[in-house]
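Each remark here refers to the structure printed beneath this line.
Bear in mind that the values in this text are calculations on the coordinates, not laboratory data. Everything quoted here is computed from the prediction, not taken from an experiment. Quick reminder, even Gly has a Cβ in these numbers, built from the backbone with ideal geometry, and neighbours come from all protein chains shown.
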Amino acid sequence: MRHVPTFCAIGLAALLTGCGGSTTPSSSSPTTYSVGGTLSGLIGTVVLQDNGGDDLTLTNDGPFTFATTLAPDATYDVTVATQPTNQTCSVVSGSSGTLSASVSNVMVTCISTTAVTEQWMWRGGSAYVGAPGVYGTEATAAAGDTPGARRQPTAWTDANGNFWLFGGYGTDMSAGNVGMLNDLWEYTPSAGQWVWQGGADTTGAAASYGSPNSPADTNTPGAREGAASWTDASGDLWLFGGDSLSGQSSEQFNDLWEYVAADSAWEWVGGSNVANDAGSYGPPGTSTNLPPARTGATSWMDSSGVLWLFGGAQLNSNGGLAGVFDDLWSYSSGTNQWTWVGGSSALNTAGVYGSQGVPAASNMPGARWGATVWVDADGNFWLFGGLGLNQSGVSQQYNDLWEYSPTNSQWTWVGGSNAPDAAGVYGSPQSSAAGNTPGARVSSVAWEDTVGNFWLFGGYGYDQGGDVGDLNDLWEYNINTGLWTWVGGSSSTAANGVYGTEGQSTSSSVPGARQQAVGWRDTSGNFWLFGGFGFDASGEQQNLNDLWSYTPNP
């Protein structure tokens, strides 16, 4: 408000025009204010109104702002003028008192009004633990063929939308014969069939490295579990490290392999062909380095085709955790060089969280293995949970959510707890809320849906009561609103699988609680889940080979 001389009458006219009747406001007069917020869950078109007018037509999730701004001390009232087809949109924080600043916290959420289609379907494999593999004839599809039960295999999707599976710890062609595997399988969703494409049909197969950078039919990685993997633009698989057992002594690797789809052959690209290699750190940011051997690392690929690797674990000779990494690496296939980007060369480093929501060069997730990762539409990496060791060597699990920007090389602590072993906060099923969050956990399965939201299933961790064990809860993280929704599954540990009839989806079907499973997303947006260590239909807990699909609501 402009300064009013003491000899002027004070009233509405005086405040608007001043004593001299001027209509030009002074530089201290307030501006008008905008009204806006965030839309989520929309499929179709919605029309919003402010104060019964100023129509705003929206067709996509994300931020919105009404075109008409409002004067200071005015009021606003955001409503839905036209609902989308088969959806209902509701408004939260749509009105308040008089305006003293622009508004950006109006939240519009849309949900389906049609019958819920979110259902699990048991697609194949066994409803019991420990099932052997049915290999059939190599490179020949057959209806009865299937990989055996296993945990921690490596999975990827090729350029044609087919699913691939490599190795893990599980059962080979003979019931009860359990160990490390190096078998390679391809699954075609349209045909619903597995094909054994290579590797041994028995456990404990040794690697055949051949010559570096030379694909050959005789090349193959050795039997292992917990390898990191990537899929490049050509649909080729890149595989790094993992752990194996040699004479009942645990070994880790840092060898890098490419499976060349066009040649149907493995190529040893780099790293050591000897177990437990110490790697080389050198100065951070240089490209003459090699990550030390490890298992359970988290991996992703950026839009430029650069491979990224974070964390992982070293095991002692009996397979127990010896230490956990928090180092961040990138790999360029063009130069065949690793770069140590950040983190520590020491094991069991504590995290530096900083302020929640604020990126900083000093921020860094603590050392961990078995974390979950997604990549958003902007090319940023999102990291959730995992397991680490504190400075006393005690295992700790996390439910912290981090975002890493390759553009500025900075981590942001987005949500979850900065303390270990947090219990889950489930809220109401199918309802997002600011306080909801999955409990701390390790070895979950993750997907990204067709609109860019993140999904999380199971793992080994903490339920809503603070009990720890295998989980089968399903969560969705809306990247626009920053809210978690508990979609389904149990809020307690150790849930049995409910299989129903193979090939038929029902509202009661659900995979049993499990960890160390793998997943894919098909070209129709359905999620797929295979195996892991968990509970079958009768409550037995061991390795599984069941195959499931999940259809999210449209």
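The table that follows gives values for the structure above.
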{"read-out": "Additional length obtainable on full extension of the chain from residue 73 to residue 450, 0.36 nm per residue less Cα span", "value": "131.5 nm"}
{"read-out": "Fully extended contour minus Cα-Cα distance, from residue 335 to residue 232, at 0.36 nm per residue", "value": "35.6 nm"}
{"read-out": "Long-range HN-HN contacts of residue 439 with modeled amide H, under 5 Å", "value": "424, 425"}
{"read-out": "Computed over region 122-166, the ratio Rg/Rh where both radii use C-alpha atoms and Rh is Kirkwood", "value": "0.96"}
{"read-out": "Simple spin-label estimate for residue 352 and residue 137 in nanometres, 7 Å along Cα-Cβ", "value": "6.1 nm"}
{"read-out": "Difference of contour (0.36 nm per residue) and Cα-Cα distance, residue 431 to residue 380", "value": "15.7 nm"}
{"read-out": "Net charge dipole size for region 419-554 [Lys, Arg +1 and Asp, Glu -1 on Cβ; Debye, nearest 20]", "value": "200 debye"}
{"read-out": "Nearest-0.05 FRET efficiency for residue 51 and residue 344, computed from C-beta distance (R0 56 Å)", "value": "0.50"}
{"read-out": "Net dipole in debye of the chain [+1 Lys, Arg Cβ; -1 Asp, Glu Cβ; about Cα centre; nearest 20]", "value": "1120 debye"}
{"read-out": "Listed peptides 221-227, 483-489 by packing density, highest first (mean Cβ within 10 Å)", "value": "221-227, 483-489"}
{"read-out": "Karplus (6.51, -1.76, 1.60) ³J(HN,Hα), θ = phi - 60°, over region 349-366, in Hz, Gly and Pro reported as x", "value": "7, 6, x, 10, 8, x, 8, 4, x, 10, x, 7, 5, 8, 5, 6, x, x"}
{"read-out": "Efficiency of FRET from Cβ geometry, residue 418 and residue 211, R₀ 41 Å, rounded to 0.05", "value": "0.30"}
{"read-out": "Local electrostatic count, residue 103, Cβ distance below 12 Å [Lys/Arg +1, Asp/Glu -1]", "value": "-2"}
{"read-out": "Region 158-299: C-alpha pair distances exceeding 25 Å, %", "value": "27 percent"}
{"read-out": "Cα-derived Rg to Rh of the chain, Kirkwood definition", "value": "1.07"}
{"read-out": "Spacing of the two label points (7 Å from each Cα toward its C-beta) at residue 287 and residue 81, in nm", "value": "5.5 nm"}
{"read-out": "Estimated inter-spin distance, residue 395 and residue 43, nm [label 7 Å along Cα→Cβ]", "value": "3.9 nm"}
